[in-house]
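The next block holds one structure in the form of structure tokens; read it before the comments.
The values are calculated or read from the model by the stated rules, or taken from the named source; none is laboratory data. Not measured: the values here are computed from a predicted model. All Cβ positions, even for glycine, are placed from backbone atoms using ideal geometry, and neighbour counts span all protein chains on display.
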Amino acid sequence: MLAGVAVGGIAGGVGLAETHRPVAKHVNISLARLPEPFHQFRIAQLSDIHFGPYIGGHDLQQALRLIEPFRPDLLVLTGDFVSHPFGQRHGPAGARNAEPCGAVLSQWKQSPMIAILGNHDHWNGATIVSSALRAHGIKLLRNASMPLERDGARIWLAGVDDPLSDAADLDSTLARVPSNETTILLAHEPDFADEAATYPIDLQLSGHSHGGQVRLPGVGPLILPRLAQKYPEGLNQVGRLQVYTNCGLGVITPPIRLFCPPEVTLITLSSALS
């Protein structure tokens, strides 16, 4: 029993240390339809910040500093900006954490920053969260899309509202997007890729899973949330669609990461023609 307590104590110490030590993951993704001018286009991804009782401004600033040397062309934020206060239920008090979170994010000036909402943003108060983020100059895509242009070529960035909250409308999201043009979808829950794969979408960027927060060597994640059980981490192929799942920056209860550090994803796109 004493041995078990000792092992548990060591694991807890490692987990607590990991919680505040984000790592940068470099990922190269080749897209068959990517226009030549977007070859080597760089996207940084942050997800699941969960600003609140366990994650604060220092953690978020640390993550942004990890991104800076990459010099991304675009920073995407794939949902779950907030967590509710310790000991409370989801509600406006949690949603108001979007204000200090947005204040830190607004310090980023290096590239455009585009965001979607996640389930915790909805559960705490999507109106409060979205208003706070927009007040800090963060563009939100809620079942909407926007073109990205470079040297006469164009790709599309689409953002679906949270599937787990029954807010997703992929038809509306893609209404403006020509089916023959490269499309990158931001969707908080990675398993939404099963639906996205039935549309002409090239790449989906997601979060939500936290990578399980606690992973055991040879076993993997002990617990995964709904809609993050099929594609819980890294790059996966779903038909013609590629989906990348970021393991998140923040934590929820219990506030421990073990063999699953917080992640900043640095994506370089390449054209299959190059």
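Things worth noting here:
- Of the strands (runs of 3 or more DSSP E) lying entirely inside the range 91-182, the ones with 1 or more residues being hydroxyl-bearing (Ser, Thr, Tyr) and either surrounded by 20 or more Cβ atoms within 10 Å (Cβ to Cβ) or at negative phi (or both) are found at 144-150.
- On inspection, Glu195 fails the criterion of being among the charged types (D, E, K, R), within 14 Å of the chain's Cα centre (by Cα) and at pLDDT 95 or above.
- Considering Pro100, Pro92, Pro72, Pro53, the condition of being touching a Pro at 6+ places or on another chain (Cβ under 8 Å) and of a type outside the set (Lys, Arg) is satisfied by Pro53 alone.
- The range 65-90, subset without any contact (Cβ under 8 Å) to a residue 40 or more places away in the chain and under 23 Å from His20 (Cβ atoms), residue surrounded by the fewest Cβ atoms within 10 Å (Cβ to Cβ): Gly87
- Set side by side, the residues Ile128, Ile138, Ile184 differ, and just one is within 17 Å of the chain's Cα centre (by Cα) and farther than 25 Å from Leu31 by Cα, which is Ile138.
- Some residue of the range 185-199 being in contact with a Leu (Cβ under 6 Å, 6 or more places away or on another chain) and farther than 23 Å from Ser145 by Cα: no
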